Amino acid sequence: MKPHQNLEAWKKSFSLVKKLYLITANFPKEERFGLTSQIRRAAVSVPVNIAEGAGRKSRKEFIHFLSIAMGSLSELDTLILLSNDLGYISSSECKDLIFELNFIGKLIYGLMKSIGYKS
């Protein structure tokens with residue numbers, strides 16, 4: 001197994017990607033190249049950046065890629081709230097997804113701190 005696959009932040013964010021792919025499959029067809037695409041791209045960015053950072057040689061580079069993953073989580077937060085406001089996902093689904101985003105964010109931030117990030 002690759003080192004990034006042992007990271008809880010990677011595992012949870014990878015799981016979230018799969019969940020969001022299933023959810024967005026039910027979005028209106030006219031959103032395929034809009035909101036659906038943006039959500040999927042932002043979601044995939046999180047575990048991909050964790051993996052890329054973990055594969056780098058320096059802690060500074062790893063922290064940089066974890067920071068990008070955090071930005072993608074913020075983007076997802078906005079896109080999920082918009083999806084709820086447009087009626088594409090329910091309020092309870094929105095609440096659950098935001099909870100997951102926050103949890104993943106805490107995992108990533110904890111990982112950043114553990115490898116030397118100073119806020």
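The values are calculated or read from the model by the stated rules, or taken from the named source; none is laboratory data. Because the structure is a prediction, the values reported are computed rather than measured. Note that we place each Cβ from the backbone using ideal geometry, even for glycine, and neighbour counts take in every protein chain shown. Note: accessible area is taken over every heavy atom of the protein model, side chains too, but ligands, DNA and RNA are not part of it. Shrake-Rupley method; radii C 1.70, N 1.55, O 1.52, S 1.80 Å.
Structure above, values below:
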{"item": "Filter result for Phe27 (aromatic (Phe, Trp, Tyr), assigned to a loop (DSSP other than H, G, I, E, B) and open to solvent by less than 60 Å² (accessible area, probe 1.4 Å))", "result": "yes"}
{"item": "Test: residue in segment 64-81 that is outside any helix (DSSP H, G or I) and surrounded by 15 or more Cβ atoms within 10 Å (Cβ to Cβ)", "result": "no"}
{"item": "Qualifying position, being hydroxyl-bearing (Ser, Thr, Tyr), more than 14 Å from Ser13 (Cβ to Cβ) and assigned to a helix (DSSP H, G or I), among Ser45, Ser119, Ser92", "result": "Ser92"}
{"item": "Pick from segment 8-24, criterion among the hydrophobic types (A, V, I, L, M, F, W, C), under 14 Å from the mean Cα position of the chain (by Cα) and open to solvent by less than 50 Å² (accessible area, probe 1.4 Å), ranking: farthest from Phe99 (Cα to Cα)", "result": "Trp10"}
{"item": "Subset of segment 1-50 [touching a helix residue (DSSP H, G or I) at 6+ places or on another chain (Cβ under 9 Å), over 17 Å from Cys94 (Cβ atoms) and of a type in the set (Asp, Glu)]", "result": "Glu8"}
{"item": "Any hit, segment 104-114, residues being at pLDDT 95 or above, within 14 Å of the chain's Cα centre (by Cα), of a type outside the set (Gly, Ala, Ser) and open to solvent by 50 Å² or more (accessible area, probe 1.4 Å)", "result": "yes"}
{"item": "Any chance Ile98 is under 16 Å from Lys18 (Cα atoms), β-branched (Val, Ile, Thr) and surrounded by fewer than 17 Cβ atoms within 10 Å (Cβ to Cβ)", "result": "yes"}
{"item": "Check on Glu52, open to solvent by less than 80 Å² (accessible area, probe 1.4 Å), charged (D, E, K, R) and under 9 Å from the mean Cα position of the chain (by Cα)", "result": "no"}
{"item": "Scope segment 1-51; condition charged (D, E, K, R) and closer than 18 Å to Tyr109 by Cβ; matching residues", "result": "Glu8, Lys11, Lys12"}
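This table checks each residue for (1) more than 29 Å from Ser114 (Cα to Cα); (2) among the small types (Gly, Ala, Ser).
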site	(1), (2)
Gln5	no, no
Trp10	no, no
Leu16	no, no
Lys19	no, no
Ala25	yes, yes
Pro28	yes, no
Arg32	yes, no
Ser45	no, yes
Arg59	no, no
